Each structure stands twice: as structure tokens, then as C-alpha cells.
Amino acid sequence: MTYDTEDLLVPDTSIQDIHRVRLADYFETRYRKTIDDTGLSWEEVIHSLKLGKDGELNLAGLLLFGKNPQQFRPVFMVKAVYIDGTDIASQHYRDSEDIEGCLLEQYERALSFITRNLHRLQSGQGVNSLGKLEIPEIALQEVLVNALIHRDYFISAPIRILMFTDRVEIISPGHLPNHLTIEQIRFGLSNMRNPIMASHATRQMPYRGLGSGIPRALSSYAFIQFIDDRAGNQFKVIMQRPQQDKP
């Protein structure tokens with residue numbers, strides 16, 4: 001039998017490494033009953049949700065509901081940096097952050113990192129208004145969720161966020177799966193890499209699992225480029241920043 005990476009058990013983990021409050025809240029929200037109502041043990045719940053078995057967590061369980069996923073898989077995180085310029089070789093950083101935690105925490109903190117470093121445009125609004133982000137938040141949400149859910153977890157490397165004065169790059173380990181192409185994902189076709197994570201993410205993050213994320217991002221912001229780097233085994237999304245808003 002073959003397994004997705006997410007289904008592989010993580011050695012030395014146990015049900016004690018589950019964040020019980022987070023999992024209990026998720027369970028009650030999804031199933032409209034508490035874990036106690038089911039009469040199941042925690043180990044039985046974890047097994048039934050495909051988050052682990054035999055007292056150990058699998059990778060999906062660790063990353064979705066683990067107390068400290070990086071204790072066991074330190075590279076499965078997001079490294080974010082804002083470079084003062086347009087060249088990655090620059091040594092001048094405006095901001096940087098190593099983003100750890102479960103996938104939901106990584107998503108929220110990564111989104112916060114990007115939005116706090118983007119400009120806000122008045123776009124006809126009053127001078128006292130907060131203004132709109134130069135890159136719409138819905139586009140950022142879709143790209144970030146896809147990076148976290150669909151990255152290749154066989155590759156021991158973090159997701160990278162590189163912000164420049166003219167663009168934002170989000171780089172995920174692993175190229176598009178199988179024979180999926182950029183043109184296909186632009187039109188909503190998908191090939192799910194981590195189905196367990198995806199099934200739970202639909203109830204935790206703004207993710208629908210229907211292949212609609214990329215078309216939705218493009219409909220909200222057209223200036224997005226996708227690079228499926230098969231030689232480098234990575235997938236890169238480049239979101240251009242409005243030229244008139246460069247410092």
C-alpha cells in the first residue's frame with residue numbers, strides 16, 4: 001500500500017502532542033456535538049479523523065492540530081523576509097519572521113506579515129479611511145492557503161515569502177503534481193496532493209478544495225505570475241505591486 005506523506009506516522013509523537021482544545025473546538029464546530037457526546041476516546045477520534053493511529057500522530061495530525069509541530073518537523077514552517085529593494089542579494093531587510101505553529105497559525109501569521117508590509121491605497125476613499133491593500137487580501141489568502149495545503153511534504157524545506165519593493169513572491173517546495181499545468185490551474189483544474197489536510201482545511205481556513213482558489217485570486221488581482229519550476233522542484237507565485245506605489 002502506498003501513502004501520501006501526510007498519512008505517514010511521525011515517530012516519537014503521541015496523542016499528548018495534540019492541542020486538545022483546538023481539536024475539540026474543531027470537532028464541535030464540524031459535527032455539532034462534543035467529543036464527550038460521542039463516547040469515543042481521544043485516540044479513537046484521532047484515528048477516525050485520519051490524524052493518526054496506534055497512539056501516534058501522522059503528519060496531517062501534527063501539522064493541523066499539534067501543540068508544537070516544529071518540535072518534530074522543524075523545517076515545515078514559513079520563512080518570511082521583506083527585502084529593501086528588488087534583488088534577493090540585498091542585505092538590507094525591512095522585516096523578517098520565522099513563522100511556526102500549526103497550519104492555521106502559519107496561515108494567519110504569514111498573511112499578517114504580508115499585509116502589514118503592503119501599502120494601502122485610498123482609491124477614492126476619504127483621507128481618514130484605512131484604504132485598500134495594494135494587493136487584494138482575497139488574492140493573498142488563496143495563494144497562501146494553496147501553498148500550505150498543496151506543498152510537497154516529502155521535501156524538507158520551508159515555504160518562503162520574499163517581499164520586495166516591486167513584488168511579493170511565495171515559493172512552495174514541490175512542483176505541480178503529476179502532469180498538471182499552469183494553464184490548467186488557471187482554469188480551475190486541480191490534482192490534490194494532501195487530501196487529509198485539505199478535507200480539514202475547508203473548515204479552518206478560506207479554502208474550498210474545488211480548484212477555485214487560483215481563478216478566484218486571478219479574478220481579484222490580474223497581476224499574478226505562476227512558475228512551475230520542475231528542475232528546482234518548487235512552485236513560485238509572483239504578485240506584482242503597483243508601480244506608482246514604490247517608495
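Each of ALA80, HIS19, SER41 was scored by the projection of its Cα onto the charge dipole of region 1-127, and the greatest displacement toward the positive side belongs to ALA80; charges sit on the C-beta of Lys, Arg, Asp and Glu. Amide H to amide H, with H built 1.01 Å from N, ARG167 comes under 5 Å of ARG241, counting only residues 5 or more places away or on other chains. Normalised radius of gyration for the chain, please: alpha carbon Rg relative to 2.2 N^0.38 Å, two decimal places. Scaled against compact globular proteins, the figure is 1.07. A dipole drawn for the chain from +1 and -1 charges on Cβ atoms has a positive end, and of GLY174, ALA157, GLN243 the residue lying farthest that way is GLN243. Computed packing ranks the peptides 49-57, 220-228 as 49-57, 220-228, most packed first, by mean other Cβ atoms within 10 Å. The 3J(HN,Hα) values that the Karplus relation (6.51, -1.76, 1.60; θ = phi - 60°) gives for region 112-119 are, in residue order, 5, 4, 5, 5, 6, 9, 8, 7 Hz. Gly and Pro appear as x. Pairs of lysine residues in the chain that meet both criteria, 8 or more places apart or on different chains and Cα atoms under 30 Å apart, total 15. Peptide packing: for 163-173, 82-92, 185-195, the average count of neighbouring Cβ atoms within 10 Å per residue gives the ranking 163-173, 185-195, 82-92, highest mean first. A simple count of charges around SER212, restricted to other residues whose Cβ falls under 15 Å of its Cβ and scoring Lys, Arg +1 and Asp, Glu -1, yields +2.
A simple packing score, the average count of other Cβ atoms within 10 Å per residue, orders the peptides 174-184, 18-28 as 18-28, 174-184, with the highest score first. The sum of -39500 (n - 2.57) across all DSSP H runs of n ≥ 4, divided by the residue count of the chain, sets its helix-only mean residue ellipticity at 222 nm to -9000 deg cm²/dmol. By the Stokes-Einstein formula, at 0.890 mPa s and 25 °C, region 5-71 with its Kirkwood radius over alpha-carbon pairs has D equal to 208 µm²/s.
Relative to the longest principal axis of the Cα atoms of the chain, the long axis of helix 20-31 makes an angle of roughly 90 degrees.
The numbers here are math on the coordinates, done by the rules we state, and not lab data. Note that the structure is predicted; figures quoted are calculated from it, not measured. Note: ideal-geometry Cβ built from the backbone for every residue, glycine included; neighbour counts use all protein chains shown.
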